[in-house]
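> Sharing a structure, written as structure tokens. Questions coming.
Just so you know, all these numbers are worked out from the coordinates, no wet-lab data involved. It should be emphasised that the depicted structure is a prediction, and the values quoted were computed from it without experimental measurement. Positions of Cβ are backbone-derived with ideal geometry, glycine not excepted, and every protein chain shown enters the neighbour counts.
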Amino acid sequence: MDLTVPEYAYMFGFLQADGHLYQGAGQKGRLSVELNARDIDLLREFQKLTPYYSSVRERTRSTNFIETAHSAVWSLCALEARTRVNELGLPYGRKSKSVAPPTGEFSSRDYLRGPIDADGSVGHTNKGTPFISLTTASTAIGTYLCFYAWQITGVDRHSRRNQRDGVYNITYVGKAARSLTEHLYYSNRLSLKRKQSAADSVAAWVRPAGRKPGPERIQWTSDKDRILLSAPTIDDACAELGHSRNACRARLTKLLEGTVPLPN
């Protein structure tokens, strides 16, 4: 599993979100992924990528949410394979908060497509606006997505756990969603077919005629932050920076509340 290879980077990101490593007695154990049966093709791709014996089977059972759930399960028991994914950063047992992006070199956009396929959403709102989102309990993955997406879209997001269930809900909409989706779901790469279809629709989105674009995204820098902090009034800062009062006030609030770091 060389994470510089797009297929393996995606597979590992997906496993961190939806995979499970079970530790048995001695050297026993297994790696498994269970998905809705409609996504069985992805599990068969994982099977092809793995140079060890593994199985893909279907099953039907009752759950708390549906009387009859039809799912597909990919299972891999080889110790060498389990050791490799564990060393890369997939822990045994509960993992939702502890997983993090790999520490070595890896294909970033393919890796991020994995957790978004597993635990995210891609599509359009009821009003037709495109969006792409990720729900994760991992601080490291949430922070990395915000940093990476900022490089692609220029949109500054700061991941925060919601109060209800303690997870991060990170969402991009409109032009930013289109740019990020087009970047992550580029052509002829491994992904869930239904997510790829939704991503293709988002990438083709054009702002409807007559709809005004949102406010221009500002690339805040240390120099701009220093001007904002040192200006006698907010109006003086707006005049010197050339940005709106609302934008300057919002940035100043973040700086004073510690939501973003102060400039050196």
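> Based only on the alpha carbon positions, what is the Kirkwood hydrodynamic radius of region 114-203, in angstrom?
On the way: mean 1/r = 0.0758 Å⁻¹.
Evaluated over region 114-203, this radius sits at 13.2 Å.
> When 3, 31 are ordered from fewest to most other Cβ atoms inside 10 Å of their Cβ, what list results? Please list the in-between numbers first.
On the way: 3 22, 31 25.
In increasing order of surrounding Cβ atoms, one gets 3, 31.
> Using amide H atoms built in the peptide plane, which far-off residues or other-chain residues are under 5 Å from residue 207 H to H?
none
> Take the alpha carbon atoms of region 25-87, find their center, do the same for region 157-203, and report the distance between the two centers in whole angstrom.
Each part's Cα centre sits 24 Å from the other's.
> If Lys and Arg each add +1 and Asp and Glu each add -1, what is the summed charge of the other residues whose beta carbon sits under 11 Å from the beta carbon of residue 137? All intermediate terms of the calculation are to be shown ahead of the outcome.
Working: positive: 94, 95, 97, 161; negative: 119, 165.
Every neighbour counted, the sum reads +2.
> Is the chain best put as rounded, prolate or oblate by its Cα gyration tensor, with a ≥ b ≥ c the root eigenvalues, rounded for a/c under 1.5, and otherwise prolate when a/b is larger than b/c, oblate when not? Walk me through the numbers before you get to the answer.
Details: a/c = 2.43, a/b = 1.84, b/c = 1.32.
Because a/c hits 1.5 or more and a/b exceeds b/c, the chain counts as prolate.
> State, as an integer percentage, the relative contact order of the chain based on alpha-carbon contacts under 8 Å between residues 6 or more apart.
Values: 402 pairs, mean separation 42.5, N = 264.
Relative contact order for the chain comes out at 16 percent.
> I would also like to ask the following. Relative to the longest principal Cα axis of the chain, at what angle does helix 139-153 sit, 0 to 90 degrees, rounded to 10?
60
> Okay, moving on. Spin-label point model (7 Å from Cα, Cβ direction): what's the residue 36 to residue 194 distance in nm?
Reported label-point gap for residue 36 and residue 194 is 0.2 nm.
> Which residue, 118, 198, 25, has the most motion in a Gaussian network model of the chain that connects Cα atoms within less than 10 Å?
Answer for the Gaussian network model of the chain: 25.
> A follow-up question, please. How do 74-81, 174-181, 47-54 rank on mean C-beta neighbours within 10 Å, highest first? Mind showing how you got there, number by number?
Details: 74-81: 16.6, 174-181: 22.9, 47-54: 14.1.
For the peptides 74-81, 174-181, 47-54, the packing ranking is 174-181, 74-81, 47-54.
> ³J(HN,Hα) across region 165-172 via Karplus (A = 6.51, B = -1.76, C = 1.60, θ = phi - 60°), whole Hz, x for Gly/Pro?
The phi angles translate into 10, x, 10, 9, 10, 9, 10, 10 Hz.
> Determine the gain in length on full extension of the stretch residue 171-residue 259; use 0.36 nm per residue of separation and subtract their C-alpha separation, reporting nm with one decimal. Don't skip to the answer; put the middle values down first.
Numbers: separation 88, 0.36 × 88 = 31.68 nm, distance 1.80 nm.
Value of the extension gain: 29.9 nm.
> Here is a further query. I want to check the label-to-label distance for residue 94 and residue 63. Put each point 7 Å from Cα in the C-beta direction and report it in nm to one decimal.
Going by the 7 Å Cα→Cβ label model, 2.0 nm.
> If you plug each phi of region 120-128 into the Karplus form 6.51 cos²θ - 1.76 cosθ + 1.60 with θ = phi - 60°, what whole-Hz ³J(HN,Hα) values come out, in order, with x for Gly and Pro?
These are the phi-based 3J(HN,Hα) values: x, 9, 9, x, 10, 6, 4, 8, x Hz.
> Considering lysine pairs in the chain that are 8 or more places apart or on different chains, how many have Cα atoms under 18 Å apart? Before the final figure, lay out the partial values.
Details: 48/193; 127/175; 127/212; 175/212; 224/254.
Total qualifying Lys-Lys pairs in the chain comes to 5.
> Work out the FRET efficiency for residue 233 and residue 140 from their Cβ-Cβ distance, taking R0 = 30 Å, and round it to the nearest 0.05. All intermediate terms of the calculation are to be shown ahead of the outcome.
Working: r = 40 Å, r/R0 = 1.32.
Efficiency for this residue pair is about 0.15.
> Taking 0.36 nm per intervening residue step and subtracting the Cα-Cα distance, what contour gain separates residue 53 from residue 161 on full extension?
35.0 nm
> Once the Cα atoms of helix 193-203 and of the chain are each reduced to a long axis, what angle between those two axes, in degrees from 0 to 90 to the nearest 10, is obtained?
With both axes taken from Cα atoms, the answer is about 20 degrees.
> Now a separate question. Need one word for region 39-135: rounded, prolate or oblate. Basis is the Cα gyration tensor (sqrt eigenvalues a ≥ b ≥ c); a/c below 1.5 gives rounded, then a/b vs b/c decides. Don't skip to the answer; put the middle values down first.
Working: a/c = 1.83, a/b = 1.15, b/c = 1.59.
Here region 39-135 falls in the oblate category.
> Could I have the simple spin-label model distance between residue 70 and residue 5, label points 7 Å from Cα toward Cβ, reported in nm to one decimal?
The modelled label-to-label distance comes out at 3.3 nm.
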